[in-house]
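Everything below concerns the one structure shown next.
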Amino acid sequence: MKTKQVISWISIAGALASAVGIYFIPQFNVVFLGLLLLNLLLPVVFRKGYGKPQLTICRLLVGALFIFSSFTKGVDPLGTKYKILDYLAVYNLQWFNDIAMLISMGLILVEFIVGICLLTNIFPRLAVLGATILMLFFTTTTLFDAVYNLVPDCGCFGTAVKMSNWQTFYKNLDIDSILLALIFNNKQLKNRLTWRGQFVIGCLYALAFLLFEIYNYRHLPIIDFMNWKVGKQMKVENDEPAKIYLTFRNIATGETQEYLSPNYPWNDSVWSSQWEFVDQRMEGGNDYLGFSALDADGNDVTDMILETENLLMFTSHDLTKVTDEEWQKIKTITEEADAHGYYVVWAVANSPEYVAELQETYDFLYEVYFGDELEIKTLVRFNPGLMLLDDGLVVDKWSAIDFDKALKKIQE
């Protein structure tokens, strides 16, 4: 075997070993970064050592990773939208906010198309070009994230896999080292099918995945990677209370401030308009909950929520976007729930003053609790949403589109 071929195999093996090593190196490490950069050089300097076996492995690896990445985001397109909104805010591109959902679904779809084409060898040269453009964008963006910590979690694998910004950047460099072999040897990538045959197959894959995204957007993720998933018991016996630290950034100055929850001005509408949530960390207690609820007086009522049987909790991270039709459905469900012995509460992120106005407008008197916007988004992705809890067990969840199904369950 020629030296260049040996080195090509070493480069592929190095990329796989680095993928494992990334798990153990969450922060900046000059030695590890140097090894990744060295592995980037190998497929460039020794590009002639890549034959069909090596290129096939590279194509399958990159394709599989793109498909996995697009699946973990496609199963939760709203989560990707929220990440895109974070990036738009950081780069002062808020004029794209109105089409953030379209950007989310489009970007995920493109990522899937590139991945499936690489994996199935459909239009392989175009797929390599697409992967190159995407990786240039991803690598550059995550480099800025790693250096400046602009967005704490890029959401590259949705909520399925959590990675630090440096780990995400390392991951992209690792992918680049495999992709470079395909870039410099793209003339070897061929498919015997006709152009029309490849186009038809590619369109079918794309249509199927687009329908998959739309379903998850409308009816909640079919696979829930978040903490409050159906079937999970959220109440754990632990005498040590959890300390939740929330970090906020001043929208105008970029200044960050950390608060011990609930000791921050969450009910001050002026403060809320000037500061945005950035990150949170927990110490002690049930640190996996990722949600805490406060009553109008600022008292923590999370334990009460977890200890109540047959509790229906409507959730909304923004009540201003709840339509009149949805309010009517909510009223119907609430009346039926009261009649069937359910305890109904709300978990919202709006100010108490705005909630008081809504209570007069729509004439509802049930308990309203307040939480962080980001935390409420992890309870039920849709706005508004509905969750059924029974003594801490998440029994079921529904988006507003499926409130009729929730009504049927209550009436059983």
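Can you give the convex hull volume per residue for the Cα atoms of region 118-213, as a whole number of Å³? Mind dumping the intermediate values first?
Details: hull volume 10.3 nm³, N = 96.
Here the figure is 107 Å³ per residue.
Taking the chain as a Gaussian network, where each spring joins two C-alpha atoms under 10 Å apart, which residue of V278, V348, V270 fluctuates the most?
For the chain, modelled as a Gaussian network with Cα springs under 10 Å, the answer is V270.
Which order do R125, R196 take when ranked by solvent-accessible area (1.4 Å probe, heavy atoms of all protein chains), largest first?
So, going from the largest accessible area down, we get R196, R125.
Report the charge-dipole magnitude of the chain in Debye, nearest 20, computed about the Cα centre from +1 at each Lys and Arg Cβ and -1 at each Asp and Glu Cβ. Mind dumping the intermediate values first?
Values: 32 positive and 47 negative charges, 899 e Å.
Once rounded to the nearest 20, the dipole reads 4320 debye.
Under the rule of -39500 (n - 2.57) per DSSP H run of 4 or more residues, summed and divided by the residues of the chain, what mean residue ellipticity at 222 nm is obtained, to the nearest 500 deg cm²/dmol?
-17500 deg cm²/dmol
For the Cα atoms of the chain, what angle does the longest principal axis make with the long axis of helix 195-219, in degrees from 0 to 90, nearest 10?
It is inclined by approximately 20 degrees.
Suppose the chain between D404 and T194 were pulled fully straight at 0.36 nm per residue; how much longer would it get relative to their current alpha carbon spacing?
Net length gain for the segment: 70.8 nm.
For the chain, give the share of DSSP beta bridges that are antiparallel, in percent and rounded to the nearest 5; count only bridges with both residues there.
The antiparallel fraction comes to roughly 75 percent.
Over the chain, with the other protein chains present, what is the accessible area per residue in square angstrom, probe 1.4 angstrom?
Heavy-atom accessible area per residue stands at 50 Å².
My understanding is that a pair violates if its Cα-Cα distance is over 28 Å; which of K162/K331; K171/K243; K331/K377; K48/K162; K162/K187 do that in this structure?
Over 28 Å Cα-Cα: K162/K331; K171/K243; K48/K162; K162/K187.
With r as the distance between the Cβ atoms of Q274 and A339 and R0 = 45 Å, compute the FRET efficiency 1/(1 + (r/R0)^6) and round to 0.05. It would help to have the intermediate numbers written out before the result.
On the way: r = 44 Å, r/R0 = 0.97.
Efficiency for this residue pair is about 0.55.
Rounded to the nearest 20 debye, what is the charge dipole size of region 51-201 about its Cα centre when +1 sits on each Lys and Arg Cβ and -1 on each Asp and Glu Cβ?
Roughly 780 debye for region 51-201.
Along the charge dipole of the chain, Cβ charges K/R +1 and D/E -1, which of I410, L118, G231 sits furthest on the positive end?
Positive-end residue among those listed: L118.
At what distance in nm do the modelled label points of E309 and Q257 sit from each other, each positioned 7 Å from its Cα along Cα→Cβ?
Inter-label distance under the simple model: 4.5 nm.
Could you tell me which GluC sites (Glu not before Pro) in region 280-363 are loop residues by DSSP with no more than 13 other beta carbons within 10 angstrom of their beta carbon?
Within region 280-363, the qualifying GluC sites (Glu not before Pro) (loop, at most 13 other Cβ atoms within 10 Å) are E307, E309.
Give me the lysines in straight-line cross-link reach of K329: C-alpha distance below 17 Å, same-chain residues under 8 apart excluded.
Excluding near neighbours in sequence, the set is K321, K397, K405, K408, K409.
When the accessible area of region 251-333 is computed with all protein chains present and a 1.4 Å probe, what percentage of it is carbon and sulfur?
Result for region 251-333: 41 percent of the exposed heavy-atom area is carbon or sulfur.
Gaussian network model of the chain, Cα springs within a sub-10 Å range: biggest mean-square fluctuation belongs to which of A13, A146, A127?
A13
How tilted is helix 100-120 with respect to the longest principal axis of the chain? Cα atoms for both, answer in degrees (0 to 90, nearest 10).
Rounded to the nearest ten degrees, it is 40.
Mind listing P(r) for the chain? All alpha-carbon pairs, 20 Å bins, whole percents.
Over the chain, the share of Cα pairs per 20 Å bin runs 24, 50, 23, 3, 0 percent.
Could you state the angle between the C-alpha long axis of helix 352-362 and the longest principal axis of the C-alpha atoms of the chain, as a value from 0 to 90 degrees rounded to the nearest 10?
70 degrees
The values are calculated or read from the model by the stated rules, or taken from the named source; none is laboratory data. Quick caveat, the model's predicted, so the values are computed rather than measured. Reconstructed Cβ throughout: ideal geometry from the backbone, glycine too, with neighbour counts over all protein chains shown. Just so you know, the surface numbers come from the protein's heavy atoms only, side chains and all, with ligands and any DNA or RNA stripped out. Shrake-Rupley method; radii C 1.70, N 1.55, O 1.52, S 1.80 Å.
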